[in-house]
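One structure below.
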Amino acid sequence: MWYLVVGAVFTGYGILDGFDLGAGAWHLFFRKEQSRRIALNAVGPVWDGNEVWLVIGGGTLFAGFPVVYGSLFSAMYVPLMLFLFMLIFRAISIEFRSKEEMKWWRRMWDINYSVSSAMLAFLLGVVLGNVLLGMPLDDNYEFTGSWLNFLNPYAILVGITTLALFMMHGAIYLTMKTEDRLFAKVHYLLTRSIIAFVVLFVILTLYTLLYVPHLSDGLKDNVALFGVPLLSVLAIANIPRLVTKRKYLKAFVFSSLTVGLLLITVALELYPVIILDTSGAGNDITVYNAVASNKSLGIMLTFVAVGGPLAVGYTAFVYKTFWGKVRLDEHSY
């Protein structure tokens, strides 16, 4: 049950922060000052709330699977510290950009905002790719390799695909928040991002089947589980159809489903192993040898039962409050 809780929280983070990271990655593609302000204010009311789900995800991972938390964060110290710096730079870019009128000032923060958004999406994919691939562990579940091992072709491919997915997700969101010429520009970028993501997704799928075969072992043992990746493919196929019909809200729902279904597929491929030991010593970290005590999990599930609906309800309230096209005023970024 706690494996499902952790998965649900990180899925929520991927869906929510995914679109505002993607929107930020597009920022430098908008040339005009007003266009950049509109794009920035499209995510302005929600970006910090979206990142709360990352904090909750880290907390649930630490509380439920402390061995995974310790091994993963110590092994990936360099990429995760880089990820943290990018989070900080992105946050201050959003807050500082409009504090001064000078062009060089705003241009500097525009670059920081766009680059940090793209890097965050890429680094999330790199971390996920390494979790899928596995890493060398000793008897104490400590990482025995070098941090340079994380820059392998598979992890980089997962990182680029994640970036493409989030940029598509973010472009769909921006179509619902923009009008007129900016809307036309976003729609053009959206069509290109769909093509890029589909091509990368196909390449990544073939690479995984050919060179990372252990990920499909669990699915082969239970044919019914193939329904989840099949639903992922159908969700992806539905996005360009809905965009062509200009049904952007439905397209956003299906891009959210794509993020969720792909992460569910990852969870099914890994279970019960969370981190595979690639050293050959059999020191895999699993759901069962990394978990906290049953009493701890039971207590924490009570907090989840109370806090989960509150978090979801608050998030829904915020999105309902700020729904609709962006209108700039004196309080805007």
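The values are calculated or read from the model by the stated rules, or taken from the named source; none is laboratory data. Computed from a predicted model, the values in this text were never measured in an experiment. In this analysis, Cβ positions are derived from the backbone assuming ideal geometry, glycine residues included, and neighbour counts consider all displayed protein chains. What goes into the accessible areas is simple: the full protein's heavy atoms, side chains included, and nothing from ligands, DNA or RNA. Shrake-Rupley method; radii C 1.70, N 1.55, O 1.52, S 1.80 Å.
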So, with +1 on the Cβ of K and R and -1 on the Cβ of D and E, and no other charges, what is the size of the charge dipole of the chain about its Cα centre, to the nearest 20 debye? 1720
Nearest-0.05 FRET efficiency for residue 305 and residue 108 at R0 = 41 Å, using Cβ-Cβ distance, is 0.35
Using a Förster distance of 35 angstrom, determine the FRET efficiency expected from the C-beta separation of residue 73 and residue 180, and round it to 0.05. 0.15
Which length gain, in nm to one decimal place, applies between residue 151 and residue 245 when the Cα-Cα distance is subtracted from 0.36 nm times their residue separation? 29.9 nm
Which value in nm describes the separation of the simple spin-label points at residue 92 and residue 207, placed 7 Å from the Cα toward the beta carbon? 3.3
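Quick one: compute the contact order of region 15-147, relative version, from alpha carbon pairs under 8 angstrom and 6+ residues apart, as a percent.
Dividing the mean separation by the residue count of region 15-147 yields 33 percent.
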Going down the list 103/185; 177/245; 185/320; 177/247; 245/320; 245/325, which pairs span over 21 Å between their C-alpha atoms? 103/185; 185/320; 245/320
Among 23, 150, 313, which residue has its Cα furthest toward the positive end of the charge dipole of the chain, with +1 on Lys/Arg Cβ and -1 on Asp/Glu Cβ? 23
The farthest towards the positive end of the charge dipole of region 182-333, of the residues 187, 208, 298, given +1 on Cβ of Lys and Arg and -1 on Cβ of Asp and Glu, is 187
Only four residue types carry charge here, +1 at the Cβ of Lys and Arg and -1 at the Cβ of Asp and Glu. Report the dipole size of region 1-119 about the Cα centre in Debye, rounded to the nearest 20. 460
Among (i) 18.3, 53; (ii) 20.2, 62; (iii) 21.9, 76, the value of Rg and Dmax of the Cα atoms in Å computed for this structure carries the label (ii)
Given the options 296, 255, 117, state which has the largest fluctuation in a GNM of the chain using a 10 Å cut-off (strictly under) for Cα springs. 296
FRET efficiency for residue 28 and residue 216 from the Cβ-Cβ distance with R0 = 45 Å, rounded to 0.05, comes out at 0.75
With helices defined as uninterrupted DSSP H runs, which ones in the chain have an alpha carbon span along their own long axis of at least 27 Å and mean Kyte-Doolittle hydropathy of at least 0.5? 2-25, 77-96, 103-133, 153-175, 180-211, 248-270, 294-321
How large, in percent, is the carbon and sulfur part of the accessible surface of region 123-267 at a probe radius of 1.4 Å? 70
Averaged per residue, what accessible area in Å² does region 198-305 show with a 1.4 Å probe, protein chains only? 56
Could you give log10 I(q)/I(0) at q = 0.14 Å⁻¹ for region 1-146, computed by the Debye formula over C-alpha point scatterers of equal weight, without solvent? -0.72
